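Each remark here refers to the structure printed beneath this line.
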Amino acid sequence: MGHIEEAESDYLFDFKELSSLQIEVFNLDAFLSKNFEWLFNYLNRTENDLFVIFVYIDSSQFPDEDFCLFRKFPKNSPIFPIISAKSCSCTISWIFQNDDPSRKNKINELNKYLCINKTCDFDQMTSKCVKQKTCSVCLQTF
């Protein structure tokens with residue numbers, strides 16, 4: 001177990017046999033204010049099954065306003081995202097996407113079927129991401 005705030009995605013490839021990655025975010029705005037492209041770069045190049053567990057200690061529930069921040073999350077890959085949330089948002093539904101029926105079923109099972117009936121217009125949401133670089137939590141004043 002370790003603590004990483006930021007990394008080059010190439011360094012993470014030294015962990016070729018990594019099967020589980022737990023991401024504990026104590027403060028979403030601090031996490032998102034850093035360059036976290038390294039994480040998506042790593043996840044997009046992962047070839048083995050990898051369980052990615054998102055644990056948010058603050059009140060974030062992946063709101064739709066933050067969709068653009070996760071648009072590069074890999075779809076149709078060997079990634080099994082696990083998110084503890086009270087309800088499904090389109091952001092969460094996007095993260096859960098996988099066209100492989102067995103993987104999709106496993107993702108649904110791991111997440112207690114959180115987003116099983118959620119419908120979203122991802123084309124429209126993605127089209128709004130061109131210039132957006134902020135997140136809803138990051139805009140709050142503390």
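Those residues that are surrounded by 12 or more Cβ atoms within 10 Å (Cβ to Cβ) and in a helix (DSSP H, G or I), I need them from segment 90-104; list them, please.
We begin by selecting, within segment 90-104, every residue surrounded by 12 or more Cβ atoms within 10 Å (Cβ to Cβ); these are 90-98, 100, 103-104.
Correct list: C90, T91, I92, S93, W94, I95, R103, K104.
Is it the case that S87 is surrounded by fewer than 19 Cβ atoms within 10 Å (Cβ to Cβ), assigned to a helix (DSSP H, G or I) and more than 13 Å from the chain's Cα centre (by Cα)?
Details: surrounded by fewer than 19 Cβ atoms within 10 Å (Cβ to Cβ): yes; assigned to a helix (DSSP H, G or I): no; more than 13 Å from the chain's Cα centre (by Cα): yes.
Spelling it out, it is not the case that S87 is surrounded by fewer than 19 Cβ atoms within 10 Å (Cβ to Cβ), assigned to a helix (DSSP H, G or I) and more than 13 Å from the chain's Cα centre (by Cα).
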Open item on the list: When you scan segment 124-135, do you find a residue that is part of a loop (DSSP other than H, G, I, E, B), at positive phi and at pLDDT 90 or above, even just one?
Closed with: no
TODO: Just name the residue that is modelled with the lowest pLDDT out of those in segment 8-45 that are part of a helix (DSSP H, G or I) and more than 19 Å from F62 (Cα to Cα).
DONE: S9
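The values are calculated or read from the model by the stated rules, or taken from the named source; none is laboratory data. Remember, predicted model here, so these are calculated numbers, not experimental data. When we count neighbours, we look across all protein chains shown, and the Cβ atoms used for this are built from the backbone with ideal geometry, even at glycine.
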